[in-house]
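Structure first, commentary second.
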Amino acid sequence: MGDRGAAGARPLTDLDNYDVKILRALVRNGRISWRDLADRIGLSLTPTLRRVRKLETQGFIEGYTATLDERRLAGTLSAFISVRLERQSEDALSVFEERVTRLTEVTSCFQTTGNADYLIRVVVHDLEHYQKLLSELTRIPNVAHITSSFALKSVVRRPGLSM
């Protein structure tokens, strides 16, 4: 079919127009009924279901999820924290990643290039909550430097990959 690359991803060229229509519809509404999905993409129910199952099996669809109101559930302050480690050994990276995954305030964490080793997005209730979180981050072994930026507003926020 196509070269999957190092990460095993399948190229979009493996998808036809019906597959793309299915993915677009499910990104917009993961709770759409199978009948409505079939009507929307222009196929009957059985081929639509077969295609959805194939997209799931091939890994194009990883799962279905609800979008929660993080302001009501987690807090109103969103911050981006850049973390630089003293060493970038495999062990040091693993320890940091394991500890960060335990912090419930962390909504995403990316290993990055450039001045920081990691970029973390967190949501907290207030500055006091943020200070406590910052204290926890600084206690993680091998953390050398932390800088933070607070989000003023969200300009683009997509529930999934834009198709």
(request) Taking R121 as the residue in question, decide whether it is surrounded by 15 or more Cβ atoms within 10 Å (Cβ to Cβ), in contact with a Phe, Trp or Tyr (Cβ under 7 Å, 6 or more places away or on another chain) and either in a loop (DSSP other than H, G, I, E, B) or of a type in the set (D, E, K, R) (or both). (result) yes
(request) With respect to L103, determine if the residue is out of contact with any Asp or Glu (no Cβ under 7 Å at 6 or more places or on another chain) and either modelled with pLDDT of 95 or more or outside the structural domain of I22 (by TED's automatic domain parsing) (or both). (result) no
(message) So in region 148-162, with the set limited to residues that are at pLDDT below 95 and not aliphatic (A, V, I, L, M), which one is farthest from T76 (Cα to Cα)?
(response) S162
(message) Could you check region 53-83 and list, in sequence order, the residues that are touching a Leu at 6+ places or on another chain (Cβ under 8 Å) and either crowded, with 16+ Cβ neighbours inside 10 Å or not aromatic (F, W, Y) (or both)?
(response) L55, F60, I61, L77, I81, S82, V83
(request) Say whether the condition of being within 30 Å of L23 (Cα to Cα) and among the hydroxyl-bearing types (S, T, Y) is met by at least one residue in region 79-100. (result) no
(message) Pairs needed: first member in region 87-107, within 12 Å of V122 (Cα to Cα) and without any contact (Cβ under 8 Å) to a residue 24 or more places away in the chain; second member anywhere, assigned to a helix (DSSP H, G or I) and not basic (K, R); C-beta distance under 8 Å; at least 6 residues apart or different chains.
(response) V106/V100
(request) Name the single residue, out of those in region 124-146 being aliphatic (A, V, I, L, M) and part of a strand (DSSP E or B), that is farthest from D69 (Cα to Cα). (result) A144
(message) Taking the condition of being assigned to a helix (DSSP H, G or I) and aliphatic (A, V, I, L, M), how many residues in region 34-92 meet it?
(response) 9
(request) Would you please name the residue that is modelled with the highest pLDDT, looking only at residues in region 124-147 that are surrounded by fewer than 15 Cβ atoms within 10 Å (Cβ to Cβ) and under 22 Å from the mean Cα position of the chain (by Cα)? (result) T147
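The values are calculated or read from the model by the stated rules, or taken from the named source; none is laboratory data. Keep in mind that this is a model prediction, so the values were computed, not measured. Every residue, glycine as well, gets a Cβ built from its backbone with ideal geometry; the counts of neighbours run over all protein chains shown.
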